[in-house]
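Okay, so here's the structure we're looking at.
Coordinate-derived values only; no laboratory data. Not measured: the values here are computed from a predicted model. Backbone-built Cβ (ideal geometry, glycine too); neighbour counts: all protein chains shown.
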Amino acid sequence: MRKTTGYMWILQTKKVEHNFKMISKLVSYGAEITGYVEKKRIKKLKGVKAKELMLWPPVGDISVDDSPTGKIHFKSLAGITKTFPVEAFAAGQ
């Protein structure tokens, strides 16, 4: 990550899918993931998709509320916004 711009670039050997059991959400992480990291936000995210019914819309923006709400918001490039508890994304979930 470049500290001056917040740009992140992640390379993996292959695409990875993960099921977040607490919220029954399947997410696909591409072999290349990019975006810009800010305080409590990732914007212009590329390489991440979340399954919605039979579609895989790309996730373009992730933001986290201040405590005590403990909510994380995902906005897709298709205009879909979903909100979940932060605990659903804790390590081991």
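Summary table
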read-out	value
Residue with peak Gaussian network fluctuation, the chain [Cα springs, cutoff 10 Å], from Leu26, Leu11, Leu77	Leu11
For the stretch 49-54, Karplus couplings with θ = phi - 60° (6.51, -1.76, 1.60), whole Hz, Gly/Pro x	9, 10, 6, 10, 6, 9
Added length on full extension, which subtracts the Cα-Cα distance from 0.36 nm per residue, Thr69 to Glu87	5.4 nm
Candidates Ile72, Ile62, Ile23, ranked by Gaussian network fluctuation over the chain, Cα under 10 Å, top entry	Ile23
Near-label residues of the stretch 30-52 by backbone N, under 15 Å of a point 7 Å along Cα→Cβ of Lys14	30-32
Rel. contact order, % - alpha carbon contacts under 8 angstrom, at least six apart, the chain	19 percent
Identified option (computed Rg and Dmax of the Cα atoms in Å; candidates (i) 13.2, 39; (ii) 11.6, 34; (iii) 13.7, 48)	(i)
Summed side-chain charge close to Leu26 - residues other than Leu26 whose Cβ falls under 15 Å, Lys, Arg +1, Asp, Glu -1	+4
Radius 14 Å from Cβ of Ile80, net charge of other residues (Lys, Arg +1; Asp, Glu -1)	+3
